[in-house]
Amino acid sequence: MNLNRRRFLALAGAAALAPRLVVAQQHTDLGVRKIRLIAREENRSMLDENTSTRLWGYSENELRLVQGQPVEIEFINELSEPSSVHWHGLRINNAMDGVTGLTQDPVQPGETFVYKFTPQDAGTFWAHTHHRTYEQLARGLYLPLIIEEPTTPDYDRELVMMFDDWRVKQDGQIDLDSFEDMHDWSHSGRLGNVLTVNKQLEPQLAALAGERVRLRLINAANARVMTIRAPLPGWIVAKDGQPLTDVAPLRGSLRIAPAERYDLLVDIPNEAGAILPFGFDYQGQFYEIAQIQVNASASESTARGEPKPLPANPIYMPSKEPEVQLKLEMQGGAMRWLSEATYKGERLSGRELMQRQQAWALNGIANMAEKPMFDVASGTLVEIEMINSTAWEHAMHFHGHHFQSDSANYPPSTWHDTLLMAPQERVMILMPADNLGKWLIHCHMIEHQMAGMKTWFTVS
Ligand code: C2O
Ligand code: CU
């Protein structure tokens, strides 16, 4: 086949040969961890300290679980509408995936659902609503989900930076009237006018001079791809929770699509009192969105050089030829409007689709197909040629699985649960399908998902 394909297989082979640390599936000796997580209203300041913005959120600021330790999370819905929780990127039991309409019924106001699973991968993940996501996510129903390694890798501190982009009105409240704006849905998705880090305006984080810090970066925006400019050089050590087998130097800025995560290791300079500004690059301008304040440390540290990779997770690319080869074509949207597509089993014209708020399609089908896009036996290696035939970027997300790609925009050993595709780009992906159940594939620009960019597959 083509060059891409050859480079790709070489890459898959190399990954298969890399040494792996095998992690026991279940550390029952740690016991079952029990956590209560309440979805409820909360207030934050999205304009200035004097305004209180009504948001939705969870009763915890973040969830920290331990790799291999079983957990039971009692989710209580104290909101006025049904909801659910999706554990984005975790390769867990299908019934716990939190997708209403596919893996569970919505959790009604006042009701409870107990999510039980054992995280098998350590890394940076996130949890978010998966019910009326376009609205509930934009109102703040998300939190960082950190799965710790059983023993901490070599660094001194970690900082989580979860980015979001809010559409806030003059009075400081979330713009609720534009959730179903068809212009947003058929163009770039809902973009906001206020950027936050950890739901705060320009927070100041702190570290000690000379420390090596693990930064966990998460993009929780509905649709905005963020270009983050870190004030100090470092290394990318993981993407979407999965460690890179070779750490990749980070210079300058990093583009992070909605739902993507990057773990960086950075060395804080020996300059007590310094303020390190984190920026957001936008149309050639630098906007400061957070700072790290450098505090004095008791001991001077010396340069440590390139870090070792994080301990590997139990994920493997089999060294065999793919058994199933498929195409997934992204279609439609502004400037490449659909002339027709199938929606709920009916062939409709572009105009009829727009009347049903559908502007995008995957392989000629807008929104959930009646049959899965593919149905494979567990253990099948699936190769998919991803073709973006639209004029827009898309952050393509697969549930319950990770995959590798030949995209030139990521370091070579990257595993993805989300992949950013440029307009007109073609990328080959290889996915070991090994998690039983029904899994979604969708664009994580949530308005694109709502307006058609969504399908599913099954592993049996
Ligand atoms: Cu992060 Cu289907 O979701
Ligand atoms: Cu999209």
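The values are calculated or read from the model by the stated rules, or taken from the named source; none is laboratory data. Everything numeric in this text was worked out from a predicted model, so none of it was measured. Positions of Cβ are backbone-derived with ideal geometry, glycine not excepted, and every protein chain shown enters the neighbour counts. Please note that ligands, DNA and RNA were not included when accessible areas were found on the heavy atoms of the full protein model with its side chains. Shrake-Rupley method; radii C 1.70, N 1.55, O 1.52, S 1.80 Å.
For this structure, a couple of remarks:
- Evaluating 6.51 cos²θ - 1.76 cosθ + 1.60 at θ = phi - 60° for every residue in region 106-116, the Karplus couplings come out as x, 7, 6, x, x, 9, 10, 9, 9, 8, 10 Hz, glycine and proline recorded as x.
- With Cα atoms defining each centre, region 250-277 and region 153-192 are spaced 20 Å apart in the structure.
- Accessible area (Å², per residue) of the chain, counting only protein heavy atoms and a probe of 1.4 Å: 40
- The chain: Cα Rg divided by the 2.2 N^0.38 Å rule of thumb: 0.95
- Computed 3J(HN,Hα) for region 433-442, one whole-Hz value per residue from the Karplus formula 6.51 cos²θ - 1.76 cosθ + 1.60 where θ = phi - 60°, is 8, 9, 10, 5, x, 9, 10, 7, 10, 7, glycine and proline marked x.
- Ranked by solvent-accessible area (1.4 Å probe, protein heavy atoms only, all chains present), the residues Lys320, Lys454, Lys308 order from largest to smallest as Lys308, Lys320, Lys454.
- Interchain or long-range residues, amide H under 5 Å from Arg167's placed H: Asp175, Asn193
- Cα-based Kirkwood hydrodynamic radius, region 200-346, one decimal, Å: 18.6
- All aspartates and glutamates inside 19 Å of Lys308 as judged from Cα atoms, apart from same-chain residues fewer than 8 positions distant: Asp121, Glu148, Glu149, Asp154, Asp156, Glu158, Glu211, Asp240, Asp246, Asp263, Asp267
- Computed [θ] at 222 nm, helices only, for the chain once each DSSP H run of length n ≥ 4 contributes -39500 (n - 2.57): -2000 deg cm²/dmol
- Computed extension length for Ser299-Arg64: 81.7 nm, one decimal, from 0.36 nm per residue of separation with the Cα-Cα distance subtracted.
- Within the same chain, aspartates and glutamates fewer than 8 places from Lys320 are excluded, and of the rest, those with a Cα less than 14 Å from its Cα are Glu383.
- For the pair Asn363 and Ala377, the difference between a 0.36 nm per residue extended length and the Cα-Cα distance amounts to 2.8 nm.
- With a threshold of 32 Å on the Cα-Cα distance, the over-threshold entries among Lys34/Lys169; Lys116/Lys371; Lys34/Lys239 are Lys34/Lys169.
- Accessible carbon and sulfur surface of region 324-459 relative to its total accessible area, %, 1.4 Å: 49
- Close amide H pairs (under 5 Å, H built 1.01 Å from N) link Ile292 with Leu205, Leu276, Phe278, residues at least 5 positions away or on another chain.
- Relative contact order [Cα under 8 Å, 6+ residues apart], the chain, whole percent: 15
- Amide H partners (placed H, <5 Å) of Leu338, local residues excluded: Gly333
- Under the simplified labelling scheme, the Gln170-Asn193 pair shows an inter-label distance of 0.9 nm, with each label point 7 Å from Cα along Cα→Cβ.
- J(HN,Hα) series, region 182-196, from Karplus relation 6.51 cos²θ - 1.76 cosθ + 1.60, nearest Hz, glycine and proline x: 5, 5, 4, 4, 9, 10, 7, x, 7, 9, x, 10, 9, 9, 10
- Within a straight-line Cα-Cα reach of under 14 Å, Lys344 can be paired with the following aspartates and glutamates, leaving aside sequence neighbours fewer than 8 residues apart in one chain: Glu352, Glu370.
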